[in-house]
Amino acid sequence: MSVVRTLVFSLLTHLLLGTSLESAQAAPTRTFLWGIQNGCESLPEADRYLASQLQAAGKSVWLLRSPQGQPLPVCSPHQSVRCGEALRSSCQAAQGQLLGGTMVRGKEVLRFRLWLYDLASGQVAYQDDYCQSCDPMSALAAQATRLLASPQPGSRPGQTPMYCGQDQAPPKGASISRPVHLVVFGEGKHKPVLLAALRAAIVERGRPVQLVALDAKTYTIDVLQRIVAGQPEAQVVGVELLRDGKVGLFVYDARTEQTADRVLDCPDCAQNKDSLLGQVLPAVGTLLTRCFGQQCGSSGHQGPPPPEACAPFATAACPGSDSLFPLGPRAIDWGTGPAASRLDARKSATLQALVWSGVGISALTTLGLFIANSTESGTRTDPRGFRISDTLLYPAWSTLGVTLGLIGLAVPTSVLLSQATPSHPPTTPAPDSQHPAPLLIECPQ
């Protein structure tokens, strides 16, 4: 009997523990995506793109929507804690983290403020960044990936971007001598003077200059890549003198394969070299300090951010945001019982599963003993040579009694647990001026 019971218990324990371990290892941390916004405007295309990119990277992502499938109202970064509380109230079984943020497009700068709320601890990690010559969607995905990989919970930042308070000047002795390939082309008699002045100004910045020997009518990406071949840290500065009183400028960055350009209006530049130099030299200097890449605020970009990158983030409440946060005693009504005596559905299901697992193990043991008793295992031979059958019948009836006793305990226990668990979704009072209608979120299954 002891051998049979040991085998039964070992088999059941292996199956139960093996299933639990496989489930725990196969379930990555789920990220709930509230949404990305620009001011008070939702950006559903950015939401879908970000969700798809994170899923492609192997992350478990759930894009939050209303029960009608509509995007949720915007949640500004300064409201991140209350948005996390709203999700926990609506989806009490939810576990993981909540991601949201704002993306503000300016004239030449794209600014980001992302936030990540931990549903278990209630802590929030914030991340500010910006880029200048970047694809908005790719930059958003890159910055969200960085935040998910290394969140740093902290206090809520102010309106000024966090990177603007950092000293981003290069350390003493740091090398900033990325080579510059310089070309001046187009129409105009002042090309030699402009070329010499630009070369001197760039060398004064501590950067070596190489004049472009390749003669091309237009400098396409293929041509620019040929110029910087073998120099991944190089840049190309080009100035085109046009006939209509305009001057075209561009800087090509070999590291990122990105280009920044600008067109100057200079009607008298064709005749006045001082006007030409006065406009072109500072404009080229500005382009050379431009950040290329998707994460300029955290990439160690040399020099301070441009003024536009340090514009304050808006903190004004968006229309309809009051309905997001039904805080207060009337927010959610779980029934007549006190909130402290209630269990959430997951805890109740776990406790009931443990109780009935004990019943199941005892029942399987009983069945195994009855089956073993009907075989040779239930027969033994005494010292006088007589065969005695049904030797396992008494242990089998004993475990049957234990099983019935466990059932007698499991049934009332399940009833008590069910009574302590809300059997219906939370109901809310009718909205009024002081208690707006609470937000309804479609929870994952």
Kindly indicate the residue of region 39-63 that is more than 15 Å from the chain's Cα centre (by Cα) and assigned to a helix (DSSP H, G or I) and also surrounded by the most Cβ atoms within 10 Å (Cβ to Cβ) among those meeting that condition.
44
Determine, yes or no, whether residue 201 is assigned to a loop (DSSP other than H, G, I, E, B) and assigned by TED's automatic domain parsing to the domain that holds residue 237.
no
Out of 188, 248, 238, sole residue that is at positive phi and either surrounded by 15 or more Cβ atoms within 10 Å (Cβ to Cβ) or in contact with a helix residue (DSSP H, G or I) (Cβ under 9 Å, 6 or more places away or on another chain) (or both):
188
Can you tell me which condition residue 277 does not meet? The list is (1) within 26 Å of residue 192 (Cα to Cα); (2) not assigned by TED's automatic domain parsing to the domain that holds residue 207, and all the others hold.
(2)
Got at least one residue in region 393-408 being at pLDDT below 80 and surrounded by fewer than 16 Cβ atoms within 10 Å (Cβ to Cβ)?
yes
Wholly within region 108-193, which strands (runs of 3 or more DSSP E) include no fewer than the required count, namely at least 1 residues that are at pLDDT 95 or above and of a type in the set (Val, Ile, Thr)?
124-131, 180-186
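The values are calculated or read from the model by the stated rules, or taken from the named source; none is laboratory data. Given the structure is predicted, the values throughout are model-derived calculations rather than measurements. Glycine gets a Cβ as well: all are built from the backbone with ideal geometry, and neighbour counts include every protein chain shown.
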